[in-house]
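Q: One structure follows; several queries about it will come next.
The values are calculated or read from the model by the stated rules, or taken from the named source; none is laboratory data. For clarity, every value in this text was computed on a predicted model and none was experimentally measured. Methodologically, a virtual Cβ is constructed for each residue, glycine included, from the backbone with ideal geometry; neighbour enumeration extends over all protein chains shown. Areas reflect the complete protein model, heavy atoms only, side chains present, ligands, DNA and RNA absent. Shrake-Rupley method; radii C 1.70, N 1.55, O 1.52, S 1.80 Å.
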Amino acid sequence: MRYSIIVAIDNNFALTNNFIENLLKTTYFKDDGELVIIMDGCKDIQTIKYLDTLSETEFPIKLIYNESKIGYGKANNIAVNNSNGDILVFINSDVFPVQGSIQKLVSYLECNTSTVGAVQGLLIYPQNNSVHSTGHLFIGLQNTHIYQGCSINKEIIHKEGERQALTSAFYAIPREVFFKNGQFNEYYFNAYEGFELSLRITFSGLKCMYYPKAIAYHIGGGTRRTMNISETQQGKYFIHNWGN
């Protein structure tokens, strides 16, 4: 299969419903792709019933259920191991891509297989139409989303470029690269997994690229209902491993 869209779902029915309906309208994946949804400890009956109805659609959708919440890294690793795509497209359930954006990420990787190990699109806050992320930059012991809060009308926002790391809220990685670089670190629960993996890809010698023609709107924080490990603790773990 050409590509697999991987998404972990929590308990929010309204968000889940809007996310799935938008994905089915903007992504024509029934011929060469699949959607793999992992229910990460979801107990909401309305959400579960809605997702069960998706098996009746014409689109190739695979549902995986976890009884208890295990966190982003573990959940997505399980989903990947139950997928078939040559390219893995990771997306959060509070991210809404515009028409054809997922195919643009996939095509970009296919055209740059020898040099690029991951690619992220342009993430925009729908609340004020400003930039959420164009990739990650490290300054000292801090990391930040590049151009976060800037107007999307600035010329620099629409220029593709290499990044030190990316956000897995909306990025794609070749399957082989994902496994070769160790998958998501399962120590983390809901922070640092995505950009740490992309940082490993950078150090492997492949490029992490920002590609602004793939556009999605990101509500921000809509998927984080519970945290079994504090983000401060996860941040200290990250710095312990990567501070030098």
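Q: Taking region 125-146 as the region of interest, how many residues are open to solvent by less than 50 Å² (accessible area, probe 1.4 Å) and assigned to a loop (DSSP other than H, G, I, E, B)?
A: Selection size over region 125-146: 3.
Q: Can you pull out every residue in region 1-51 that is closer than 26 Å to F178 by Cα and free of Cβ contacts under 8 Å to residues at least 12 places away in the same chain?
A: Passing the criteria: only D31.
Q: Of the residues that sit in region 11-55 and are among the charged types (D, E, K, R) and over 23 Å from S101 (Cβ atoms), which one is surrounded by the most Cβ atoms within 10 Å (Cβ to Cβ)?
A: Here the answer is D40.
Q: Only one of these is surrounded by 21 or more Cβ atoms within 10 Å (Cβ to Cβ) and part of a strand (DSSP E or B): A75, A79, A118. Name it. Write out each step before concluding.
A: Details: A75 fails: part of a strand (DSSP E or B); A79 fails: part of a strand (DSSP E or B).
The unique qualifying residue is A118.
Q: Is it true that some residue in region 201-210 is touching a residue at least 60 places away in the same chain (Cβ under 8 Å), open to solvent by 50 Å² or more (accessible area, probe 1.4 Å) and in a loop (DSSP other than H, G, I, E, B)?
A: For region 201-210, residues touching a residue at least 60 places away in the same chain (Cβ under 8 Å), open to solvent by 50 Å² or more (accessible area, probe 1.4 Å) and in a loop (DSSP other than H, G, I, E, B): present.
Q: Looking only at region 60-71, decide whether some residue is among the aromatic types (F, W, Y) and either over 22 Å from A191 (Cα atoms) or buried (at least 16 other Cβ atoms within 10 Å of the Cβ) (or both).
A: Within region 60-71, not a single residue is among the aromatic types (F, W, Y) and either over 22 Å from A191 (Cα atoms) or buried (at least 16 other Cβ atoms within 10 Å of the Cβ) (or both).
Q: What's the number of the only condition in (1) without any contact (Cβ under 8 Å) to a residue 40 or more places away in the chain; (2) more than 17 Å from the chain's Cα centre (by Cα); (3) open to solvent by 40 Å² or more (accessible area, probe 1.4 Å) that T113 fails to meet?
A: In the conditions (1) without any contact (Cβ under 8 Å) to a residue 40 or more places away in the chain; (2) more than 17 Å from the chain's Cα centre (by Cα); (3) open to solvent by 40 Å² or more (accessible area, probe 1.4 Å), T113 misses (1) alone.
Q: Follow-up. Out of the residues in region 147-183 that are of a type in the set (A, V, I, L, M, F, W, C) and over 17 Å from the mean Cα position of the chain (by Cα), state the one that is least open to solvent (accessible area, probe 1.4 Å).
A: So, considering only residues that are of a type in the set (A, V, I, L, M, F, W, C) and over 17 Å from the mean Cα position of the chain (by Cα), the one least open to solvent (accessible area, probe 1.4 Å) is I157.
Q: Go through region 41-58 and give me each residue that's touching a Phe, Trp or Tyr at 6+ places or on another chain (Cβ under 8 Å) and either farther than 22 Å from Y72 by Cβ or among the charged types (D, E, K, R) (or both).
A: D44, Q46
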